[in-house]
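Here is the structure we will look at.
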Amino acid sequence: MIYKFRFSLSADIESFKNGYKKGTKYVCIIKCKYAEKLEDMIKINFAKKFQLAAGREFYRGNEQEIQQEFLRTVLKTY
């Protein structure tokens, strides 16, 4: 599977629906203060563990491992 992460400065959940296909599955959404810093850390950590599938935010991997690394990075950053 391919997973994409992104951040938004908007607190409105609707902003995540723009530009994505119907049926897109959301694995984890977290509100945080330093979204841009966190995004950079996720890119660094994901690049070490997962195959980049497209662009700079699409990674190929196991959903559980992707989610665990995402949460581990969030907790480490804060």
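The values are calculated or read from the model by the stated rules, or taken from the named source; none is laboratory data. Just so we're clear, the structure is a prediction, and the values are computed from it rather than from any experiment. Every residue, glycine as well, gets a Cβ built from its backbone with ideal geometry; the counts of neighbours run over all protein chains shown.
Some notes on this structure:
- Filter result for Ser10 (farther than 16 Å from Gln68 by Cβ, small (Gly, Ala, Ser) and part of a helix (DSSP H, G or I)): no
- Qualifying residue in region 23-43 (condition: at positive phi and surrounded by fewer than 15 Cβ atoms within 10 Å (Cβ to Cβ)): yes
- Residue check, Ser15 over 11 Å from the mean Cα position of the chain (by Cα), among the hydroxyl-bearing types (Ser, Thr, Tyr), in a helix (DSSP H, G or I) and at pLDDT below 85: yes
- Among residues of region 52-78, those that are assigned to a helix (DSSP H, G or I), in contact (Cβ under 8 Å) with a residue 40 or more places away in the chain and exposed (fewer than 12 other Cβ atoms within 10 Å of the Cβ), counted: 1
- Matching residues in region 18-51 - criterion: being in a loop (DSSP other than H, G, I, E, B), among the charged types (D, E, K, R) and under 13 Å from Glu69 (Cβ atoms): none
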